[in-house]
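The values are calculated or read from the model by the stated rules, or taken from the named source; none is laboratory data. Only a predicted model underlies this, so the values are computations on that prediction, with no experimental measurement involved. Here the Cβ is made from the backbone with ideal geometry for all residues, glycine too, and neighbour counts use every protein chain on show.
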Amino acid sequence: MNIPLSDNIDWIGCVDWTVRDFHGYDTPRGSTYNAYLLRDEKTALVDTVRAPFAQQLLANLASLTDFGQVDFVVCNHAEPDHAGALPQVMARMPQATLVCDKKCAATLAGHADTSSWKLRLVGNGERISLGRRSLQFLETPMLHWPESMFTYVPEEALLFSMDAFGQHYATAERFDDQTDFATLMEEAKTYYANIIMPYGKAVLAALEKIAALPVRTIATSHGVLWRKHIEKITAAYGDWAAHHCRPKVLVIYDSMWGSTAAMAEAILDGANQPGVAAGLIPIRQSNLTRIATEVLDAAAVAFGSATLNRSLMPMAAAALSYLQGLRPPNKVAAAFGAYGWGRGGPEAVDEALRAMDWEILREPIRAHYRPTPEVLDQCRQLGRLLAERAMAMAGKAECSDDSAREER
């Protein structure tokens, strides 16, 4: 099914209703792979889809034009969920010129045999005329791969934003004003936290680029398109990219026989102060996607693990590894946990928290077998301290990322 965006500009992508795991990202609402067709004096396909959906994309395209009429195929990003169908697309329209930047061409060559493709490399600000419309290319490196770029149609004030502003959100509707706004923003925040979070500087640079452009529609590569709430989503991205924190305390933990859980409850009790949002996340009853999303705007984190084989509980280790990859900055934190015949759990948590350059408020709180009243009192005191610091930090920003991180 094709959805018009404007006269002779159509969404021809695919809705993936059944995907529930996107390389470790939980997607309970599915996703979409958005591609777009522009027909003018010349015809351009902007982005493709994941490889298993290639035939559906080609059928959608064929319902609007002949394959031989396509002059350009624009690749804004070489990741397989957007470029996986390119080999099948280019095989069906060998006359078309693939348009991308230099880094994208090199990345595509690492995924497929591109030797027979016609190629046109473009740089930041360069334009291609389609007739009465044109395509302008804006390089946005590390948003979220080195070769990422936006494509802008100035005559329509239309921005093809690739992974920026997207959501893993499968719906029958294509626009933000056709869906539940609260759900949409929840999915946009989840997407940002789990994919875009490490690249705050790149986000702010991209926002600065598009601030000078009139934009009536943001055509994303996942989820719904933005036409009514553009100011809200760009403001949210600016807020998230600046790493503004809420007065929010998270107590994240994994327990074996209930001792670490009792400590977590005591910390939560202490953190439940007026004006503070305090929450408890038992790791095995949650998932990595939710944990990262909750951490995004939290000012303070208490992280606990029981000791298993002189180290962390396995899922606690997974959660910390996931957070270390996302590198959420501007947090205060402390470790806690129980141990029995051998130590290791809370100590390993403390080491991981310090590796993320979070401000550590104290040495780990430990309970030997069962937490004593004195240990539980220490936990409540920690909760109160975390709440106090969260209130003091709320709204402060620190933009810290590593734009050179290698993804794959």
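Here are the numbers:
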read-out: Residue check for A277: over 17 Å from A334 (Cβ atoms) and either out of contact with any strand residue (DSSP E or B) (no Cβ under 8 Å at 6 or more places or on another chain) or at pLDDT 95 or above (or both); value: yes
read-out: Boolean, A193 is closer than 30 Å to S6 by Cα, assigned by TED's automatic domain parsing to the domain that holds L135 and of a type in the set (G, A, S); value: no
read-out: Failed criterion for E173 (all others in (1) farther than 23 Å from C100 by Cβ; (2) in a helix (DSSP H, G or I) hold); value: (2)
read-out: Residues that are aliphatic (A, V, I, L, M) and surrounded by 22 or more Cβ atoms within 10 Å (Cβ to Cβ), drawn from region 38-52; value: L38, A44, L45, V46, V49
read-out: Any hit, region 242-255, residues being closer than 14 Å to S305 by Cα and free of Cβ contacts under 8 Å to residues at least 24 places away in the same chain; value: no
